[in-house]
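No value in this document is a laboratory result; all are computed from the given coordinates. Owing to the predicted nature of the structure, the values given are computational and were not obtained by experimental measurement. Neighbour counts run over all protein chains shown; Cβ positions are idealised from the backbone, glycine included.
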């Protein structure tokens, strides 16, 4: 049964959905190395979208302008796909990391 996403979907459901979509779209055989390269490509597209939409930096007039939120979504989907490939529960990882961070002194 396919996972249905809503605006209230917890991260665990988003991760499950990403795993299902990777299988359905034929991406499940990509290696960790391939996925990390694709993630870096998407991060570049996010940076470009922010530069074009939120700064005064000039760009070519014929260059396609991507929506920032679309590029953030692509980055998150690749992060979740990588976590799935490495068998990492992101919810648990974030909770554990924030426990560590809460003990740190921030300047």
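A protection proxy built from the mean count of other Cβ atoms within 10 Å ranks the segments 73-84, 40-51, most packed first, as 73-84, 40-51.
Between residue 66 and residue 21, the distance separating the two model label sites (each 7 Å from Cα on the Cα→Cβ line) works out to 1.4 nm.
Available extension along the chain between residue 28 and residue 11 is 4.2 nm, counting 0.36 nm per residue and deducting the alpha carbon span.
How large is the helix-only mean residue ellipticity at 222 nm for the chain, computed as the sum of -39500 (n - 2.57) over DSSP H runs with n ≥ 4, divided by its residue count, in deg cm²/dmol to the nearest 500?
-21500 deg cm²/dmol
In the elastic network of the chain, a GNM with C-alpha springs shorter than 10 Å, the most mobile of 62, 87, 29 is 62. Of the options [x] 13, 33, 32, 19, 3; [y] 15, 53, 30, 2; [z] 18, 55, 26, 0, only one is P(r) over Cα pairs in 10 Å bins from 0, in percent as computed from these coordinates, and that is [x].
Largest GNM mean-square fluctuation across 64, 52, 16, computed for the chain with C-alpha springs under 10 Å, falls on 64.
Residue separation of residue 59 and residue 106 scaled by 0.36 nm, minus their Cα-Cα distance, works out to 13.2 nm of gained length.
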